[in-house]
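Coordinate-derived values only; no laboratory data. The structure displayed is predicted, hence computed values, not measured ones. Every residue, glycine among them, receives a Cβ derived from its backbone with ideal geometry; neighbour counts consider all protein chains shown.
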Amino acid sequence: MPGDGHWESNDDIIMEILNVLRLRETVLTALARIGGPKQKSKNKWANKKAKQKGPDADDSGKEAERKRAIEHLPVLADQAMARGMADIYEETHEQFVRQMRIAGHIPDYWIVGTPIQSSTAIAVGASPPSGTRADVDAELLGDLDELDSSHQ
């Protein structure tokens, strides 16, 4: 089952990696981004003072998510390497999306930047959820068809 360390296929691993990567990012650049900026030694005192005041609830949630991602992404990449995907660290978000679209795991109506469901949860060819760009396009095309038929 994806998400708990037991991935059924390489595609499941890539789908999980895609949920962490941003546009034009590789696994390596994502790890650098998630790892955060290096703390400068002159800011140690300010950081210590801020920690004494106590973390905000919002900051601790973001920090927990960051820690989960920094631990999970290398596990995903290592699993991919073990399964023969030697270029997992060099491929970009867009290359992974293209692979998954070709394999039929990402539908055409998927909007870039939104979370991707696991490959087993998406039925290719299924109708898109309401409110997506595909719904708007379908409505516009329907309106155009009505206009064409009323003019004939």
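Worth pointing out:
- Environment charge of residue 116, counting only residues whose C-beta is closer than 12 Å and scoring Lys/Arg +1, Asp/Glu -1: -2
- Other-chain or far-sequence residues with amide H under 5 Å of residue 106's (modelled H): 101
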